[in-house]
Amino acid sequence: MGEPRLKSGIWVQAQLRLCDQNVLACVVVKRGDGDAGQILIKVNRFAEGCQVLAKRYTDEGGRAWTVVADGGEGPCDAYIAREFDIDEDVWVLEIEDPKGIYLPDGQKPQ
């Protein structure tokens with residue numbers, strides 16, 4: 001049996017609350033499928049650049065948040081646009097995190 005799945009909409013609401021508690025600006029840029037939509041997180045660290053995070057399978061078969069795009073806003077936005085062209089049910093969260101404190105699911109992204 002795989003890991004238990006939390007509905008995407010509920011997970012997103014939890015991230016909004018977590019960011020609010022940590023005084024991080026967080027916006028749902030694109031609302032996807034509430035039950036099982038893929039979630040992309042664009043983390044803007046301003047001077048440190050941007051990253052897009054997505055859950056991917058690890059070499060061990062588990063799932064972890066992985067950096068799928070890195071650099072400036074241009075490459076990150078282009079990645080998100082390509083994913084949206086493939087799957088219109090994707091969620092996109094944008095978080096402004098100049099101090100680098102945001103950790104999705106408490107995990108440091110790989």
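Just a few scattered comments:
- Residue within region 81-98 that is loosely packed, with under 15 Cβ neighbours inside 10 Å and within 19 Å of residue 19 (Cα to Cα) present: yes
- Some residue of region 8-21 being among the hydroxyl-bearing types (Ser, Thr, Tyr) and either loosely packed, with under 13 Cβ neighbours inside 10 Å or in contact with a Leu (Cβ under 6 Å, 6 or more places away or on another chain) (or both): no
- Some residue of region 54-73 being at pLDDT 95 or above, touching a Cys at 6+ places or on another chain (Cβ under 7 Å), farther than 12 Å from residue 90 by Cβ and not aliphatic (A, V, I, L, M): no
- Taken over region 83-101, the criterion of being of a type outside the set (Asp, Glu) and over 15 Å from the mean Cα position of the chain (by Cα) is satisfied by 86, 98, 99.
- When 45, 63 are checked against the criterion of being touching a residue at least 24 places away in the same chain (Cβ under 8 Å) and under 22 Å from residue 9 (Cβ atoms), 63 stands alone in meeting it.
- Restricted to region 19-78, the set of strands (runs of 3 or more DSSP E) holding at least 2 residues that are within 25 Å of residue 6 (Cα to Cα) and β-branched (Val, Ile, Thr) comprises 25-30, 39-44, 63-71.
- Residue match in region 41-64 (condition: hydroxyl-bearing (Ser, Thr, Tyr) and surrounded by fewer than 15 Cβ atoms within 10 Å (Cβ to Cβ)): yes
- Pairs where the first residue, in region 93-110, is under 15 Å from residue 63 (Cα atoms) and part of a loop (DSSP other than H, G, I, E, B) and the second is at pLDDT below 90 and among the β-branched types (Val, Ile, Thr), C-beta under 8 Å, 6+ apart: 110/58
The values are calculated or read from the model by the stated rules, or taken from the named source; none is laboratory data. Predicted model only: the values in this text are computed from it and were never measured. So basically every Cβ, Gly included, is an ideal-geometry build from the backbone, and we count neighbours across all protein chains shown.
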